[in-house]
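The structure appears right after this line, and notes come after that.
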Amino acid sequence: MSIAENLIEIRKSIPQNVKLIAVSKTQPVEIIQEAYDEGQRVFGENKPQELRDKYELMQKDIEWHMIGHLQTNKVKYIAPFVSLIHSVDSLKLMGEINKEAIKNNRIIDCLIQIDIAHEQTKFGLLEDEAKQILKSQHYIQMKNIRFCGVMGIGSITDDINKTRNEFTNLKSTFLRLKEEFFSKDNCFCEISMGMSSDFSIAIDQGSTMVRIGSSIFGERNYLK
Ligand SMILES: *Cc1c(COP(=O)(O)O)cnc(C)c1O
């Protein structure tokens, strides 16, 4: 099936109130353009320089989301334009995002990445670590970073119950953080969870944003 057909199929299985982020990492702009021409305006990337290059080459009404692990020395590449950073997982990174946001005279929206899979290869904070950070004076003084919710990556597994549990836990963490730190903050409302293999489960558990790559663009070729 074509990219356009894939998009149409996926949109049918996603409720109106769930945002579809088309994960275009490793895809060239000509391919991303096909999704754009089908009406897609929200794209996710996991490498800062690649994200910046695509931003420069493509239409300016696209919302670009940073979904991959972000090193502090690379925040500068995306700070001028990024719509949402999903992968905030340390106080140090928050400080850097805040600093770059000030330089660019803007507020940068972010999600707190929570470690729900407990796999060695995955990033993210435990709920208690997130709470410690949100309580810290250092964070409280940051005026140019705004948290809009949480993000999590499920385990790679065929065990649907395991995946469902991870997503349920993320929703619970979201609710507790909201109550303790963001109860007056209407903007704190997003739960970014679900990828090609597990987005239906994620939506059932309360996802508000799904990040879908291979089901739209096909398998990625990392060798290119
Ligand atoms: C690559 C990636 C996705 C998309 O994965 P697919 O399986 O291709 O849908 C979603 N989230 C993150 C954080 C990713 O790195």
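Coordinate-derived values only; no laboratory data. As the structure is a prediction and not an experimental result, all values here were calculated from the model. Neighbour counts run over all protein chains shown; Cβ positions are idealised from the backbone, glycine included.
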Positive dipole terminus of the chain, leading residue within 193, 68, 4 (C-beta point charges): 68
The chain, helix-only ellipticity at 222 nm - DSSP H runs n ≥ 4, -39,500 (n - 2.57), divided by all residues, nearest 500: -11500 deg cm²/dmol
Largest-first principal axis extents, alpha carbons of the chain, Å: 51, 43, 33
Nearest-0.05 FRET efficiency for residue 73 and residue 137, computed from C-beta distance (R0 30 Å): 0.80
FRET efficiency estimate (nearest 0.05) - Cβ-Cβ, residue 161 to residue 60, R0 45 angstrom: 0.55
Rough spin-label spacing in nm, given labels placed 7 Å along Cα→Cβ, for residue 105 and residue 50: 3.3
Mean Cβ neighbour count within 10 Å, used as a protection proxy, ranking 40-52, 159-171 highest first: 40-52, 159-171
Dipole in debye (nearest 20) - the chain, about Cα centre, beta carbon charges: Lys, Arg +1; Asp, Glu -1: 780
Pairwise label distance in nanometres, residue 5 with residue 214, each label 7 Å out on the Cα-Cβ vector: 2.0
